[in-house]
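Following: one structure in structure tokens, then a few remarks.
The values are calculated or read from the model by the stated rules, or taken from the named source; none is laboratory data. Since the structure is predicted, the reported quantities are computational estimates derived from the model, not experimental observations. Here the Cβ positions follow ideal geometry from the backbone for every residue, glycine too, while neighbour counts run over all protein chains shown.
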Amino acid sequence: MENRYSLPLRRFRQLAIITVAGVCLLTVAGAVVRLTGSGLGCDDWPNCNSERFIDVRTGHAAIEQVNRLISGFIGVPTLLLAIGAFRVFPRRSGLRWPAIGVLVSILGNGVVGGLAVRGDLHPSLVQSHFILAMASIAFGLVAVHRAGPDPVGGRRQAGVTPLIGALSTALTAMVAVALVTGTVVTGAGPHAGDETARRYGFDISTVAELHSITVWIAVALFVGLMVAIRRVPNLYRRMSTHLSTWMFVAIVQGTIGYVQYFSDVPATLVAAHVAGATALWVVTIKLVLEVVEPLPTERVHEAETLQEPGFSFDTAPTA
């Protein structure tokens, strides 16, 4: 029963969207901090330095302070999201664990960020900082999806065969691997966040080639997934926009990646590449959620009435 302390479902979804957008913004802002050499503009945490909590006397310190300010603002909707997951009306299953996941991962990222500053921007800590942000985005997108107009809890998406389910899961895993290998390239590259920061001792050409291989494997899995989905016309109609979006973002991101590599990784293109990686992760999670999340009963019936002759939602097309 709704009461004065309940959170309307639409408000919960809005909080989840704000949180995801905020983490995406923070991810790019963090890249700007590193690319401008401002990673140690504040050499202490949570204080800016040993003398002041806030210090904007230098450009590097100001950039780092803005980044920390954004982090603080994001904490507000994140906390409200976690509390609201227990007060949503009408009640909706499957909202609590992603909301808690967002909160825990963001709090953990704050700790890792502090350790990175105190550890003089060790590349493994900077790498963990980015990966935790991607985890926060994934949890947040699950919350957004499950708080959508249609309730979760019906049958599985009509037309999703075991092969399609396996390929979508493999695609998500491989995009995650590509993100990790990308952070290794960053850790071996020239943009450390500070002139004194440590670097991985890997040859950047070697790790860049490894990263490229993981990306091409992800692209191959996407092509396989698209071919499998196209064999089920009704499913393809529902998924075509998501597939087209993934393809577009992947092409743009790949283009930026190759251009930055062959132009000695200029800071502007690196920032664009970080933004592209974040966008690719977002569209990947949205794609796989559309595939693996259950379809509400009323939409299942509607989809089945549109099924074309010669096709089954559970099998490949008949001869």
Take the conditions surrounded by 16 or more Cβ atoms within 10 Å (Cβ to Cβ), touching a His at 6+ places or on another chain (Cβ under 7 Å) and either of a type in the set (Asp, Glu) or not in a helix (DSSP H, G or I) (or both) and apply them to residue 41. Does it pass?
yes
Going through segment 15-39 in order, the residues found to be within 16 Å of residue 100 (Cα to Cα) and either not β-branched (Val, Ile, Thr) or not assigned by TED's automatic domain parsing to the domain that holds residue 74 (or both) are 15, 16
One residue is enough: does segment 189-205 have a residue meeting the conditions without any contact (Cβ under 8 Å) to a residue 60 or more places away in the chain, crowded, with 16+ Cβ neighbours inside 10 Å, in a helix (DSSP H, G or I) and polar (S, T, N, Q)?
no
Given the criteria touching a residue at least 24 places away in the same chain (Cβ under 8 Å), part of a helix (DSSP H, G or I) and of a type in the set (Asp, Glu), does residue 209 qualify?
no
Could you go through segment 110-118 and let me know if any residue there is part of a helix (DSSP H, G or I), surrounded by fewer than 18 Cβ atoms within 10 Å (Cβ to Cβ) and more than 24 Å from the chain's Cα centre (by Cα).
yes
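Results for (1) over 30 Å from residue 293 (Cα atoms); (2) part of a helix (DSSP H, G or I); (3) at pLDDT below 90, shown as yes or no for each residue.
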site	(1), (2), (3)
5	no, no, yes
14	no, yes, no
32	yes, yes, yes
57	yes, no, yes
60	yes, yes, yes
63	yes, yes, yes
68	yes, yes, yes
81	no, yes, no
I'm told residue 76 meets every condition in (1) more than 24 Å from the chain's Cα centre (by Cα); (2) surrounded by fewer than 16 Cβ atoms within 10 Å (Cβ to Cβ); (3) hydrophobic (A, V, I, L, M, F, W, C) except one. Can you identify the failing condition by its number?
(1)
Filter result (among the β-branched types (Val, Ile, Thr) and either modelled with pLDDT under 90 or not in a helix (DSSP H, G or I) (or both)) within segment 126-164:
126, 152, 160, 161
